[in-house]
Amino acid sequence: MELIEKANEEAIRRMLGAEPVLIDVVPAGEIVPDLQDKMILHAGPPLEWDRMCGPMQGAIAGITVFEGWASDLEQAVDMASSGDIAFDANHHHDAVGPMTGMTTVSQPVMVVENKIIGNRAYCAINEGLGKVMRFGGNDEEVLNRLAWIRDVLGPAMGKALKDMGGIELKPLIARGLSMGDEMHQRNVACSGLVLRAIASAMARTSDDTTALSESLAFISANDQFHLNITMAMGKAIMDPVRNIEGSSIVTAMSRNGTDFGIRVSGTGDEWFTAPVEMPEGLYFAGYSEADANPDMGDSTIVETIGLGGFAMGASPAVAGFVGAGAASEAANYTYRMGEICAAENPEWTIPSLDYLGVPTGIDIRLVVDSGIAPTINTGIAHREPGIGQVGAGVVRAPMACFEQAVRRLAANLGLS
Amino acid sequence: MPSDQDDKSLLGGDLSVINVGLDKFASELAEHNVSVVHLDWKPPAGGGAELATLLSKMGT
């Protein structure tokens, strides 16, 4: 159908033409649109307290104490369950967050600006692995780390980024792909590249050598530091693709631990949701599938722009880490995702696949027609609040989301 | 319609098979050392008539 094809051409043009730059780190309350006091933004499509999974409720209790709205976790749960705290989806505020995806007023958020359009997107700083708030952790250790990020690391990064004029992300991602990252479950190369880019500016703008040393050590010890930057970049790339009449390209995939939701360009900002699925993967010592929480997080924006599970071919090492099979299987994931995408990205290529561009622009028509669901690389949270990450794996987007979207787009176009 | 002679010719020599759809048929032939290529294919929209019709109108 010509209208759809032309609309999708425009969607791909906007995706490939984006110029995302990491420009600043700012307290969320100063920059995230319509974010207010006693308001918590979370991952995934919107949902109410009673339907939230354990880690999501645990993170909400923790961040409520962190913000000083409650004196302890028990009071925080009372407030959250009685309507004293407002909830909304990160995606409704130009923001994204991994796993539980907590965004609140005093947290520093990284700012990625798409220089072509001028739109901005936001994501909090990655806390590291293990017991952290994004996996539902909420004890003193977790809250103290968040306070240090708020008081020390965030301001230091913000000063450095302003001083150096920001970090261009498209070439950084291209290098990361050639160094074995897929940018969802493997970010070790990109995290190192960011450290190399920002270290001298952080030193130049710091007047506290202890804080500087701690900040550089934190970034260098966190192999997933770049994940949150990839996510803000993904949101900055995809937001201008929204609302192109007739387009069947997916603009967001996201999950809140209860529902998986997608948005499609030609159907506006409506969410098409279905129950989340359980990841299949590998577990840390002492944990098993019985401990796992269903799929969660805004990090599927990474797959929406052609990275993560779509770029598995660039990252054979991650195939083993997430239990996706032999390293030689990694290429097959990328080829399979190519069957449901409208284009390849000529600037983000995979050297070991003869410089194949990563699959770009998920077309809901191709998903439903082929029966091939998007493959997502993901961390696995413990199903109880307060424990944290217990493994990593692969999960598929529910086909029901795409079937609903096809029906709605067809109705919008007068085809049903 | 093939003639009886065609059938005899087909089965008289070495078989080379392209299997479409269910991979079980391909694996059974492979176990008997028959040359076989499997094509991974499923009906559009999982065989659902309503969605397949919509997709056809939408240009897939």
Count the lysine pairs in the protein assembly as shown whose Cα atoms sit under 30 Å apart, keeping only pairs 8 or more residues apart in sequence or on different chains. 23
Work out how much length A:Y287 to A:Q36 would gain on full extension: take 0.36 nm times their residue separation and subtract the Cα-Cα distance, in nm to one decimal. 86.6 nm
Sequence gap at least 6, Cα distance under 8 Å: using those rules, report the relative contact order of chain A to the nearest whole percent. 21
Give the calculated FRET efficiency between A:S81 and A:D354 to the nearest 0.05, with a Förster radius of 56 Å applied to their Cβ-Cβ distance. 0.55
Relative contact order %, the range A:288-342, counting alpha carbon pairs below 8 Å whose residues are six or more apart: 27
Quick check: convex hull over the Cα atoms of the range A:312-412, volume per residue in Å³, rounded to an integer? 133
Name the most mobile residue of A:E277, A:E303, A:E347, meaning the one with the largest mean-square fluctuation, in a Gaussian network model of chain A with Cα contacts below 10 Å. A:E347
With each label point set 7 Å from Cα along the Cα-Cβ vector, what nm distance links A:A317 and A:E329? 2.0
Using a basic spin-label model with each label point 7 Å from the Cα along Cα→Cβ, how many nm lie between A:L3 and B:A49? 2.6
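Can you compute the charge dipole magnitude of the range B:4-57 about its Cα centre, using +1 on each Lys and Arg Cβ and -1 on each Asp and Glu Cβ, nothing else charged? Give it in debye, rounded to the nearest 20.
320
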Can you tally the net charge around A:P171? Count Lys and Arg as +1, Asp and Glu as -1, for every other residue whose Cβ sits under 14 Å from the Cβ of A:P171. 0
Along the charge dipole of chain A, which of A:S213, A:A330, A:L47 sits closest to the positive end, that is, farthest toward it, with unit charges on the beta carbon of Lys, Arg, Asp and Glu (+1, +1, -1, -1)? A:A330
Starting from the Cα of B:D23, step 7 Å along the direction of its Cβ; do the same at A:S200; then give the gap between the two resulting points in nm. 5.2
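What shape does the range A:103-233 have by the C-alpha gyration tensor, where a ≥ b ≥ c are the square roots of the eigenvalues, rounded means a/c under 1.5, and otherwise prolate means a/b greater than b/c and oblate the rest? Walk me through the numbers before you get to the answer.
On the way: a/c = 1.36, a/b = 1.18, b/c = 1.16.
Cα axes put the range A:103-233 in the rounded bin.
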Amide N proximity, the range A:157-177 versus A:D208 label position 7 Å along Cα-to-Cβ, cut-off under 12 Å: A:157
Around A:L129, under 13 Å between beta carbons, what's the net of Lys plus Arg minus Asp minus Glu among the other residues? +2
So what does the Cα-only Debye profile of the range A:1-118 read at q = 0.10 Å⁻¹, as log10 I(q)/I(0), no solvent term? -0.40
What translational diffusion coefficient, to the nearest whole µm²/s, does the range A:69-178 have by Stokes-Einstein, given a Kirkwood radius computed over alpha-carbon pairs, a temperature of 10 °C and 1.306 mPa s viscosity? 98
Just to be sure I understand: with springs between alpha-carbon atoms less than 10 Å apart, which residue in A:A236, A:A392, A:A290 has the highest mean-square fluctuation in the Gaussian network model of chain A? A:A290
In the range A:39-110, the GluC sites (Glu not before Pro) that sit in a DSSP loop and have at most 16 other Cβ atoms within 10 Å of their own Cβ are A:E48
Between A:D24 and residues 5 or more places away or on another chain, which pairs have amide H atoms under 5 Å apart, with H built 1.01 Å from N, and which residues are they? A:V111
Using a/c under 1.5 as the rounded threshold, could you call chain A rounded, prolate or oblate? The axes a ≥ b ≥ c are square roots of the C-alpha gyration tensor eigenvalues, and prolate needs a/b larger than b/c, oblate otherwise. rounded
Once the mean of 1/r over all distinct C-alpha pairs in the range B:4-57 is inverted, the Kirkwood radius in Å reads 13.5
Could you tell me which of B:T53, B:L10, B:G21 has its Cα farthest along the dipole of the range B:4-57 towards the positive end, charges placed at Cβ (Lys, Arg +1; Asp, Glu -1), taken about the Cα centre? B:T53
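No lab work stands behind these numbers, since they all come straight from the coordinates. Remember, predicted model here, so these are calculated numbers, not experimental data. Cβ sites come from the backbone with ideal geometry, for glycine too, and all protein chains shown count toward neighbours.
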